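Here's the structure we're looking at; comments come further down.
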Amino acid sequence: MDFTDFNISKKQAEEFAKAIFADIENYVNEHLEEFEEFLKEERLAKENDSNKKASW
């Protein structure tokens, strides 16, 4: 199926967005501990990257 010319109404787009958000929200709630660990690792990586740039 070719989706290069795919049109939906504003209402359909809103419903689609709500469904995607609900799925993401459910996943995060079910995997909250893993998600918090991911965020912690991302913050540490960002801090390490900033520290490397500052030491140049």
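The values are calculated or read from the model by the stated rules, or taken from the named source; none is laboratory data. Model, not experiment: these values are computed from the prediction. Glycine gets a Cβ as well: all are built from the backbone with ideal geometry, and neighbour counts include every protein chain shown. With ligands, DNA and RNA removed, areas are computed over all heavy atoms of the protein, side chains included. Shrake-Rupley method; radii C 1.70, N 1.55, O 1.52, S 1.80 Å.
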- Task: Would you work out what percent of the accessible area of the chain, with all protein chains in place, is carbon or sulfur (probe 1.4 Å)?
- Result: 56
- Item | Pairwise label distance in nanometres, residue 22 with residue 38, each label 7 Å out on the Cα-Cβ vector | 2.1
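What is the dipole size for the chain, taken about its Cα centre, with +1 at each Lys and Arg Cβ and -1 at each Asp and Glu Cβ, in debye to the nearest 20?
Details: 8 positive and 15 negative charges, 85 e Å.
Dipole of the chain, to the nearest 20 debye: 400 debye.
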- Projected onto the charge dipole of the chain (+1 at Lys/Arg Cβ, -1 at Asp/Glu Cβ, origin at the Cα centre), which of 19, 32, 9 gives the Cα projection farthest towards the positive end? 9
- Note on the structure: With every protein chain kept in place and a 1.4 Å probe, the chain has an accessible area per residue in Å² of 102
- Message: Below 23 Å, Cα to Cα, which lysines can residue 53 reach? Residues fewer than 8 away in the same chain don't count.
- Response: 40
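Which of rounded, prolate or oblate describes the chain when judged by the alpha-carbon gyration tensor and an a/c cut-off of 1.5?
Numbers: a/c = 4.02, a/b = 1.88, b/c = 2.14.
Since a/c reaches 1.5 but b/c is at least a/b, the shape of the chain is classed as oblate.
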